[in-house]
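Read-outs: derived from the displayed coordinates by stated rules, not from any lab. In this text the structure is predicted, and so the values were computed from the model without any measurement. Neighbour counts are summed over all protein chains in view; Cβ atoms, including those assigned to glycine, are modelled from backbone coordinates with ideal geometry.
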Amino acid sequence: MKLIQKLFSKEKKLTVEFCERNLDRFLSEETFPKYNAFFNEKNVNYKEYECQSKCKECKKAPYAMINGEFVTAETSEALLEKMKKQLHE
């Protein structure tokens, strides 16, 4: 029964895409473990690209493409909180 529940569960899945340069610019050593733990959650698919052609946005603030939607925040911690919120809604 549990396997069937897993197949038909309505748990939200999150696809998160990052620009490598944006991560290098805004992710700090203090927030890295928090991001790593989030990306290891079972419903999170994480992809990192060398460039996403969003150079103006990339220079200003941390951002991610979450399920195809552009999401930005003032800090990398605030961005992580937004991602967590979307996953658990």
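General observations
- Label-to-label distance, nm, for residues given as Asn67 and Phe32 (7 Å Cα→Cβ offset): 3.1 nm
- Antiparallel content of DSSP bridges confined to segment 12-88, in %, to 5: 50 percent
- 0 to 90° range, to nearest 10: angle between helix 76-88 axis and the chain longest Cα axis: 20 degrees
- With eigenvalues of the C-alpha gyration tensor scaled by 5 and rooted, segment 12-88, Å: 18, 14, 11
- Distance distribution note for segment 22-64: the fraction of Cα pairs above 11 angstrom is 70%.
- For Lys12, a cut-off of 27 angstrom between C-alpha atoms picks up these lysines, skipping any fewer than 8 places away in its own chain: Lys2, Lys34, Lys42, Lys47, Lys54, Lys82, Lys84, Lys85.
- Residues in segment 50-57 carry Karplus couplings, in order, of 4, 8, 10, 6, 10, 4, 4, 5 Hz; the curve used is 6.51 cos²θ - 1.76 cosθ + 1.60 with θ = phi - 60°, and Gly or Pro positions show x.
- Intensity falloff of segment 45-89 expressed as log10 I(q)/I(0), Debye formula with alpha-carbon point scatterers, at q = 0.21, 0.25 Å⁻¹: -0.73, -1.00
- Inter-probe distance in nm under a simple model that places probes 7 Å from Cα toward Cβ, at Asp24 and Lys60: 2.2 nm
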